[in-house]
Amino acid sequence: MPIFSFERLIVLRHGECRHNVDGKYAGWQDTPLTAKGISQARECANILKNAIPDLGGFRFISSPLSRATVSLEIMLEALELSARGHSTDNRLREIDFGDNSGRAASEVQKELSTATQQDIWNYTHPSGESQAALCDRVGRFLEDLVEDSVIVCHSGPARMIRSHLLEISRRETLSFKLGHGKALFFHRKHEYFLYSDLS
């Protein structure tokens, strides 16, 4: 297991966005939060406040995609921490669905061959990337992270963060899905990370 520098990590998924409602792959496309998504982001502030009353020692980082940055800004405003500011990191973007971005997920799934479905980890979306590539870039992000942090990202990166910190199989990694406005808390115990669902 790689040696990570941080002790605590809170990972939240952005609020619901328009493509989520429409059943489309969003990927790297910017798609706005819905009214429900905005409400979910506000609720995330309560989750954070209840889990860690003093967030002073935490850095705030999000994916640069607007559904994540806006979610984080809403949280910080609700926590009266807007002045703290936050940063973004491209490695926290959702998986790049390439030419499949903006398409109905059900439509894309129907087109995948049986062989592809059996090895979805290595399937590369046309002009996009694979789950394996997503896992690699998220791993590089974690290796560079030196501070306890609050991360706001997407389902794919959240899944890979969990995979790296808990050292789980590819099958278990891909079967996990973090809901919109939901949160995970990871904390180090000796050389291992433990986690709990804060939602």
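Between helix 131-144 and the chain, what is the angle of the helix's C-alpha long axis to the longest principal axis, kept within 0 to 90° and rounded to the nearest 10? The two axes meet at around 20 degrees. Global size of the chain: 16.4, 51 Å for Rg and Dmax (C-alpha atoms, Rg to one decimal, Dmax whole). Trypsin sites (Lys or Arg not before Pro) within the range 119-190: which are DSSP loop residues with at most 14 other Cβ atoms inside 10 Å? Those satisfying the criteria are Lys177. Dipole orientation for the range 8-197: of the candidates Leu184, Tyr25, Val146, Leu184 has the Cα lying most toward the positive pole (charges on Cβ; Lys, Arg +1; Asp, Glu -1).
Scanning residues 5 or more positions from Ile95 or on other chains, those with amide H under 5 Å from its amide H are Gly156, with H placed 1.01 Å from N in the peptide plane.
Label-to-label distance for Leu112 and Arg84 is 3.7 nm, based on points extended 7 Å past Cα in the beta-carbon direction.
By a straight-distance test (C-alpha under 29 Å), which lysines pair with Lys189 as possible cross-link partners, with residues fewer than eight away in the same chain excluded? Result set, ordered by chain and number: Lys49, Lys177. The long axis of helix 155-166 is offset from the longest Cα principal axis of the chain by roughly 70 degrees. Roughly what angle does helix 66-78 make with the longest principal axis of the chain, taking Cα atoms, 0 to 90 degrees, to the nearest 10? Once rounded, one gets 20 degrees.
For Lys24, the aspartates and glutamates whose Cα comes closer than 19 Å to its Cα, not counting residues fewer than 8 places off in the same chain, are Glu16, Glu94, Asp96, Asp99, Glu107, Glu111, Glu129. Reported to the nearest whole Å, the Cα centre-to-centre distance from the range 7-51 to the range 173-189 is 13.
When each of the peptides 102-109, 8-15 is scored by how many other beta carbons lie within 10 Å of its residues on average, the order from highest to lowest is 8-15, 102-109. Among beta bridges identified by DSSP and lying wholly in the range 8-197, the antiparallel ones come to about 55 percent.
Each reported figure results from applying straightforward, stated rules to the coordinates on display, with no laboratory input. Quantities reported herein were computed from a predicted structural model and do not represent experimental measurements. With ideal geometry, Cβ positions are generated from the backbone for all residues, glycine too; neighbour counts draw on all protein chains shown.
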